[in-house]
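The values are calculated or read from the model by the stated rules, or taken from the named source; none is laboratory data. Predicted model, so just to flag it, every value in this text is computed and none were measured. Every residue, glycine among them, receives a Cβ derived from its backbone with ideal geometry; neighbour counts consider all protein chains shown.
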Amino acid sequence: MADKTPGGTPVATRIDPTKEAISQGQLHFIRKVELQQWQKKTQKLRTRNVVTGIAIGALVMGIYGYTFYAVSQERIMDEMDEEAKRARLQGPKTSAN
């Protein structure tokens, strides 16, 4: 099941279990190795998904927080406008007003 490369080191070759006659033990071993590889890949994907989820969540919370901050600033500006309007109305009446 191993071929030789030009360097002389053995390399695994792909086999098709449906076409080649292999024993139950070999088939069990192949499935076990495939399961281990799948679990390793799944763990990496899970980690990436968690990191991506945290990043998206942080972005959403940042936008949400900024929106609240901007709205509170808008209220302050409205209050300042109202105070200026009252000051103009209560100021001395001259012919220039």
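Observations, loosely collected:
- When the residues of region 1-47 are filtered to those that are surrounded by fewer than 10 Cβ atoms within 10 Å (Cβ to Cβ) and assigned to a strand (DSSP E or B), the one that is modelled with the highest pLDDT is Ala12.
- Subset of region 48-97 [aliphatic (A, V, I, L, M) and at pLDDT 95 or above]: Val50, Val51, Ile54, Ala55, Ile56, Ala58, Leu59, Val60, Met61, Ile63
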